[in-house]
1. Across segment 61-79, which residue is modelled with the highest pLDDT among those that are of a type outside the set (Asp, Glu) and over 17 Å from the mean Cα position of the chain (by Cα)?
Amino acid sequence: MVITMARVQLALNVSDVDAAVDFYSKLFGVEPAKRRPGYANFAVDVPPLKLVLIENPQARGSGVAGALNHLGVEVESTEQVHAATAWLAEQGLATATEQATTCCYAVQDKVWVDDPDGAPWEVYTVLGDAEQGVATEPRATEPRATEPRAVDPDVPGSACACGPAGCGPEATAVGAGTPELLTLTTSAAR
């Protein structure tokens, strides 16, 4: 199966989002597509890249230490997310799916999978804009929690600040008023 994608996503932890925006604007020659407190994302045409910057000074070390937040593949539709979910399960990979979840200041449908070392990957589509960063965090006007996340090896994506481990029954999708849907598919071949 081939997953049609708009671009690959790279989400980085940064110690100072303003300094990072200045650097990446110069590096790629584009301004951010979205800015919020402690957050920015770029839609870069060449190379096709969705670069996400998340201010998280406690996680971010120097050099490459703590730089990676999560990786992703942005697709065009919910149907493509469902197709990716089925394909990943057929490959024997454990997945976690979310529907109408709020992440990175957008409402999204997505599926999570972890690489063998636990790096979280998401295949997602953006359904609309959101005023909140993630459904479980305070409003964007308040500082985002920077405490390290508890990683659950049985929940793909749990190492990510946007991952499903933070989405409990109390989390709601923006505008939906109903709990976010989280589905885990496990396989012996992890």
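The values are calculated or read from the model by the stated rules, or taken from the named source; none is laboratory data. Owing to the predicted nature of the structure, the values given are computational and were not obtained by experimental measurement.
1. Ala65
Table: residues versus (1) assigned to a loop (DSSP other than H, G, I, E, B); (2) closer than 18 Å to Val126 by Cα; (3) of a type in the set (Gly, Ala, Ser).
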{"site": "Asp22", "(1), (2), (3)": "no, no, no"}
{"site": "Pro32", "(1), (2), (3)": "yes, yes, no"}
{"site": "Lys50", "(1), (2), (3)": "no, yes, no"}
{"site": "Leu53", "(1), (2), (3)": "no, yes, no"}
{"site": "Ala65", "(1), (2), (3)": "yes, no, yes"}
{"site": "Val73", "(1), (2), (3)": "no, yes, no"}
{"site": "Trp87", "(1), (2), (3)": "no, no, no"}
{"site": "Gly92", "(1), (2), (3)": "yes, no, yes"}
{"site": "Lys110", "(1), (2), (3)": "no, yes, no"}
